[in-house]
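The values are calculated or read from the model by the stated rules, or taken from the named source; none is laboratory data. What you are looking at is a predicted structure, and each value in this text was computed from that prediction instead of being measured. Cβ atoms come from the backbone with ideal geometry, glycine included; neighbour counts cover every protein chain shown.
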């Protein structure tokens, strides 16, 4: 009992200290606000924002509330984070494996990429892609098409826009394919454990993801129209591509910089994970006739993922938080829209900053929970 009490006392003292510090700053802030006649509250969120946003995933204009402006910034931040995580993972895995290649040129090219991009400050890389690379592109009226239907201009990247009819049915078909894939993967794992037989799970999965949606198109349940970008003259000297989908240069620059920068750290995580597996396992797998690709897929990566996932999670968190640098090139993320424009118009610094901090905390915790769940799921369990 005495031992338990001794272990609890430091925890209680720490908790009391934290509460005291928070209470001190809270009371101090409240007294200062009262002296200056500043009231505290979140009622301003329902007021009209009176400012526009140049890029939004949802319908928005100045007549909407500050709460809607917050949602616009949040969705734009999530968009950048998700795209950055996807691309940095793909690039990082490729570069990480390439760094272990026996080919001299491939190995050293990958090493040069890592050393260059991770040692140049991220903000400078954002400036480079935005001001040096994308700002040097031609105007819409002088642009040659890419792949015949897309246009990369100084005003953004214009691509065909897909117009769906009964899009929800397509989503249901994809969900049905995913559920089928889960059952097939479980059956394939059980078959391999019991009889040593392997099913082409990847090939079957890709087939299901293609066949199920294709059925909805063939039967006419889902229809798709493609709106191609069309050059439109706004004034005597101003042109723009209409009809299609426009991706602003700020989004392109931010995703490029975040992906290429974070991919260097992901690559090192992948390299460290693969090198953490003993050479004896590779040699044993080769001795039973497995090809290098099979060794990497079936022996090395399943074990290496236990080493790769935890540090890679940290890089995903860093990427999400680094997306706040978007304000440097006027991309309308949460910081620029809500903690910038909305704060300057309302003067509600404590309320807006607290909401912004809580939002980034929630995003980070969500990523951590998801990655921890995945890490536990792929863990090798002894039977």
Sole miss for residue 221 among (1) touching a residue at least 12 places away in the same chain (Cβ under 8 Å); (2) within 29 Å of residue 137 (Cβ to Cβ) is condition (2)
Checking 81, 173, 180 in turn, the sole residue that is in contact (Cβ under 8 Å) with a residue 12 or more places away in the chain, farther than 19 Å from residue 315 by Cβ and buried (at least 18 other Cβ atoms within 10 Å of the Cβ) turns out to be 173
If we ask which residues in the stretch 310-337 are in contact (Cβ under 8 Å) with a residue 60 or more places away in the chain and over 20 Å from residue 367 (Cβ atoms), their number turns out to be 7
Listed by range, helices (runs of 4 or more DSSP H) wholly within the stretch 94-211 having at least 3 residues that are modelled with pLDDT of 90 or more, within 23 Å of the chain's Cα centre (by Cα) and more than 30 Å from residue 322 (Cα to Cα) are 167-195
Residue 51 vs (1) assigned to a helix (DSSP H, G or I); (2) under 23 Å from residue 324 (Cβ atoms): all pass except (1)
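Which one of these is free of Cβ contacts under 8 Å to residues at least 24 places away in the same chain, over 23 Å from residue 241 (Cα atoms) and buried (at least 17 other Cβ atoms within 10 Å of the Cβ): 71, 105, 152? Show your work before the answer.
Working: 105 fails: buried (at least 17 other Cβ atoms within 10 Å of the Cβ); 152 fails: over 23 Å from residue 241 (Cα atoms).
So the residue among 71, 105, 152 that is free of Cβ contacts under 8 Å to residues at least 24 places away in the same chain, over 23 Å from residue 241 (Cα atoms) and buried (at least 17 other Cβ atoms within 10 Å of the Cβ) is 71.
Within the bounds of the stretch 235-242, is there any residue that is under 27 Å from residue 325 (Cβ atoms) and within 33 Å of the chain's Cα centre (by Cα)? Quick ask: steps written out before the conclusion?
Our first condition is that a residue be under 27 Å from residue 325 (Cβ atoms); within the stretch 235-242, this holds for none.
For the stretch 235-242, residues under 27 Å from residue 325 (Cβ atoms) and within 33 Å of the chain's Cα centre (by Cα): absent.
I'd like to check something: does the stretch 343-364 contain any residue that is over 30 Å from residue 26 (Cα atoms), touching a residue at least 12 places away in the same chain (Cβ under 8 Å) and surrounded by 17 or more Cβ atoms within 10 Å (Cβ to Cβ)?
Our first condition is that a residue be over 30 Å from residue 26 (Cα atoms); within the stretch 343-364, this holds for none.
No; the residues of the stretch 343-364 include none that is over 30 Å from residue 26 (Cα atoms), touching a residue at least 12 places away in the same chain (Cβ under 8 Å) and surrounded by 17 or more Cβ atoms within 10 Å (Cβ to Cβ).
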Within the stretch 24-62, residues being without any contact (Cβ under 8 Å) to a residue 24 or more places away in the chain and within 30 Å of the chain's Cα centre (by Cα) number 8
Note on the stretch 138-149: residues in contact (Cβ under 8 Å) with a residue 60 or more places away in the chain and surrounded by fewer than 18 Cβ atoms within 10 Å (Cβ to Cβ) are 139, 141, 149
Within the stretch 248-258, the residues that are within 22 Å of residue 112 (Cβ to Cβ) and surrounded by fewer than 22 Cβ atoms within 10 Å (Cβ to Cβ) are 256
